[in-house]
Amino acid sequence: MNLSEIIKMLQKKSNDPPQSPAPAPVPVYWVETSDSVSHHFQFEPDGQLSVKRVDDARPASRRMVESFLNKFFPSGYPYSVNEGYLRYTQFRALQHFSSATLSVLSTQSLLFAAGLRPTPAQATAVSWILKDGMQHVGKLICSNLGARMDSEPKCWRILADVLYDLGTGLEVISPLCPHLFLEMAGLGNFAKGMAVVAARATRLPIYSSFAKEGNLSDLFAKGEAISTLFNVLGIGAGIQLASTVCSSMQGKLVVGPLLSLFHIYCVTEEMRATPVNTLNPQRTAMIVADFLKRGRIPSPADLRYQEDLLFPGRLIEEAGSVKVGRPLHNVVKPSQLHQVKEKFPEEKFILNRGTKWTDMILERNATGEDALKGWLVAAYAAEIEKTLLKTSSDPLEEAYERMVNVFSPFLSELQAKGWHTDRFLDGTGCRFAL
């Protein structure tokens, strides 16, 4: 290429219009408004999404309430939980507040009672027995009762708090008899050890009864957050009381029982608000009695305030006065076992009617549906005998026919109301295998 051609090329390039630079990427953003709150969403050039609150028209009081709900209640509340959760939470908070306050007073009393300046060897023995030995013994004893806690979690939760207050009470009065400090503090820790196991073991079935959308972990986390908050508040109240009203033993003897009564009242109201949806002897009897008396099936929320939390094993006459789980040899003579079993050969239960109640014994692999069948047969048999409507020599046979006719729709409606029928929680009741 000669010089003239190079000059022409340079002139041509100089005459070309200048090329504009590539346009900068336009950010993608949008604004969403929900419940008086506006948020600005924007994708940054690096692909990250940024969110900024641009406007919040909510009153300050409402913002505080909603912030509290977000921190201490499950996501989606109140639609993500079952009925009764708010009342349960209210009394749970008060329960932890009163318990923490009472624990401060008991700790102060223990320090007063231990003011005997023991030798190092004695101090080591006291520490081991109180903090490790006696409490661990209580935990071991209570751990053997897990099946009963599954059957009656509400009763055992109340008993746990009664035991805890009993242990705390022994600690509070320990300065009155300092020569028995080791014994009283040891018994107090023993009772507390049993209470801790019972409270922890019943926590899961209680939380499960409120879970509605597979949000059990969220329920558990928010419930523990509320417990922690009110425990801290209770400790603060306890410190205030310990330095004023309860600085003397007379003050503790007045305030302590009042706090304990309030504590037990709160946990009782918690349990009354809890709609447990598993089948145990008491709830099964109540379902059957309601079905025979009113022709309807109650939901767990319907039954929660009717449950007997002090004497759950009472017999319900309207449901056939059924006792579940007595030892087989106490119910049926060995020579009559096959004869009794042949009454319902396809079923997984044995019924034996007595003068005061009907015994029902389940097979080892029987479910809640099998228990419901047996209970309906027993209830119908009692009804036939009471109304003198016998059409056969054995009322159990006629009662079984009635049960077969109604069981399918009965079970469908029961499950639609939220009851779990895949298992029957009869505690430590005896079962059989042939």
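If you put +1 on each Lys and Arg Cβ and -1 on each Asp and Glu Cβ, how big is the dipole of the range 278-424 around its Cα centre, in Debye rounded to 20?
The dipole magnitude comes to about 340 debye.
Would you mind giving the average projected area, over all directions, of the Cα convex hull of the range 164-229 in nm² with one decimal?
5.3 nm²
Taking the solvent-accessible surface of protein heavy atoms with a 1.4 Å probe, what is the per residue accessible area of the range 278-424 in Å²? Could the numbers behind the result be given before it?
Numbers: 7420 Å² over 147 residues.
Counting only protein heavy atoms, the per-residue value for the range 278-424 is 50 Å².
Any chance you could count the Lys pairs in the range 85-273 whose alpha carbons are under 15 Å apart, treating pairs 8 or more apart or on different chains as valid?
Total qualifying Lys-Lys pairs in the range 85-273 comes to 4.
Sort 164-174, 212-222 by packing, meaning the average of other beta carbons within 10 Å per residue, with the highest value first.
164-174, 212-222
Please express the Cα-Cα pair-distance distribution P(r) of the range 278-424 as a list of whole percents, one per 5 Å bin, running from 0 to the bin with the greatest distance.
It works out to 2, 9, 20, 24, 22, 14, 7, 2, 0, in whole percents.
Report the net charge of residues surrounding LEU411, where surrounding means a beta-carbon distance below 14 angstrom and charges are Lys +1, Arg +1, Asp -1, Glu -1.
Here the charged neighbours net out to -2.
Could you order TYR380, TYR79 by accessible surface area, starting with the largest, using a probe radius of 1.4 Å? Display every interim value, and only then the final one.
Values: TYR380 20, TYR79 170 Å².
Largest to smallest exposure gives the sequence TYR79, TYR380.
Using the Cβ atoms and a cut-off under 11 Å, what net charge is assigned to the surroundings of ARG314, where Lys and Arg are +1 and Asp and Glu are -1?
-2
How many lysine pairs does the range 278-424 hold where the Cα atoms are under 15 Å apart and the two sit 8 or more places apart or on different chains?
8
Using only C-alpha atoms and all pairs of different ones, pull out the Kirkwood radius for the range 85-273 in Å with one decimal.
In the range 85-273 this quantity evaluates to 17.3 Å.
Taking Rh as the Kirkwood radius, which is the inverse of the mean 1/r over Cα pairs, what is the Rg/Rh value for the range 262-365?
Rounded to two decimals, Rg/Rh equals 1.06.
In whole Hz and in residue order, list the ³J(HN,Hα) couplings for the range 88-104 that follow from phi through the Karplus curve 6.51 cos²θ - 1.76 cosθ + 1.60, θ = phi - 60°; x for Gly and Pro.
Coupling constants for the range 88-104: 4, 5, 4, 6, 5, 4, 5, 4, 5, 4, 5, 5, 5, 4, 5, 5, 5 Hz.
The values are calculated or read from the model by the stated rules, or taken from the named source; none is laboratory data. Remember, it's a predicted structure, so these values are computed and weren't measured experimentally. All Cβ positions, glycine included, derive from the backbone under ideal geometry; neighbour counts span all protein chains shown. When the accessible area is computed, the model is the full protein with side chains, heavy atoms only, and any ligands, DNA or RNA have been set aside. Shrake-Rupley method; radii C 1.70, N 1.55, O 1.52, S 1.80 Å.
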